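Everything below concerns the one structure shown next.
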Amino acid sequence: MRVLIQRVKNASVSIDGCEVSAIKGGLLLLVGIGREDGLEALERMAKKVANLRIFEDEQGKMNLNVQQAAGRILSVPQFTLYADTRKGNRPGFDPSARPEMAKAYWQKFNRLLSENGVQVKEGVFGAHMEVRLVGDGPVTIWLDSKE
């Protein structure tokens, strides 16, 4: 599982010009599920994201997690995080989970985030989305369950 985390002042997802989901502050997650991922990876990654201390405290030090900062999460499925670009100029996506598995695991990951006390909004699995964000920092963190 791969998650690209961006700390944001706001973020939204639109489809065909209509906004389907938005947050006013917190984390934008681009979430990729690999074909070899298991449920334990989802649990570990949800706990890590929910507890990652990347928001500033009163002294300006990154010492607060998303809940402590009263932030929310916007979770967007992103199979292209598993792009294989080692050969040629067109990426391959064989390492990505099949759509049925990826959707189920992404939804489970979002439920686990909620169970960790975070309010979660979602993009739309399999849709062509426009993702907008105003970064905060910028703070961008890459998590890979294999590392």
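Among 64, 52, which is the only one that is crowded, with 17+ Cβ neighbours inside 10 Å, under 17 Å from the mean Cα position of the chain (by Cα) and modelled with pLDDT of 95 or more?
Step by step, each of 64, 52 is checked, and only 52 is crowded, with 17+ Cβ neighbours inside 10 Å, under 17 Å from the mean Cα position of the chain (by Cα) and modelled with pLDDT of 95 or more.
Considering every residue within region 77-88, establish whether at least one is surrounded by 14 or more Cβ atoms within 10 Å (Cβ to Cβ), within 17 Å of residue 26 (Cβ to Cβ) and modelled with pLDDT of 95 or more.
Taking every residue of region 77-88 in turn, none turns out to be surrounded by 14 or more Cβ atoms within 10 Å (Cβ to Cβ), within 17 Å of residue 26 (Cβ to Cβ) and modelled with pLDDT of 95 or more.
What are the residue pairs meeting all of these: first residue in region 51-67, first residue under 12 Å from residue 118 (Cβ atoms) and in contact (Cβ under 8 Å) with a residue 40 or more places away in the chain, second residue among the basic types (Lys, Arg) and assigned to a loop (DSSP other than H, G, I, E, B), Cβ atoms under 7 Å, and 6 or more apart or on different chains?
none
If a residue must be touching a helix residue (DSSP H, G or I) at 6+ places or on another chain (Cβ under 8 Å) and either free of Cβ contacts under 8 Å to residues at least 40 places away in the same chain or in a strand (DSSP E or B) (or both), how many such residues does region 116-146 contain? Give the derivation first.
Filtering region 116-146 for residues touching a helix residue (DSSP H, G or I) at 6+ places or on another chain (Cβ under 8 Å) gives 116-118, 120, 122, 125-126, 143, 145.
Applying the additional criterion that residues be either free of Cβ contacts under 8 Å to residues at least 40 places away in the same chain or in a strand (DSSP E or B) (or both) yields 120, 122, 143.
Total meeting the criteria: 3.
I'd like the full set of residues that are modelled with pLDDT under 95 and either aromatic (Phe, Trp, Tyr) or over 16 Å from the mean Cα position of the chain (by Cα) (or both), limited to region 18-41.
35, 36, 38, 39, 40
Please work out if residue 15 is among the hydrophobic types (A, V, I, L, M, F, W, C), buried (at least 16 other Cβ atoms within 10 Å of the Cβ) and either farther than 16 Å from residue 73 by Cα or modelled with pLDDT under 95 (or both).
no
If residue 90 meets every condition in (1) farther than 14 Å from residue 118 by Cβ; (2) under 14 Å from the mean Cα position of the chain (by Cα) apart from one, which number is that one?
(2)
Scan region 50-67 for residues that are assigned to a loop (DSSP other than H, G, I, E, B) and either of a type in the set (Asp, Glu) or touching a helix residue (DSSP H, G or I) at 6+ places or on another chain (Cβ under 8 Å) (or both) and jot them down.
Selection gives 57, 58, 65, 66, 67.
The values are calculated or read from the model by the stated rules, or taken from the named source; none is laboratory data. Given the structure is predicted, the values throughout are model-derived calculations rather than measurements. A quick note on method: Cβ atoms are made from the backbone with ideal geometry, for glycine too, and the neighbour counts reach across all protein chains shown.
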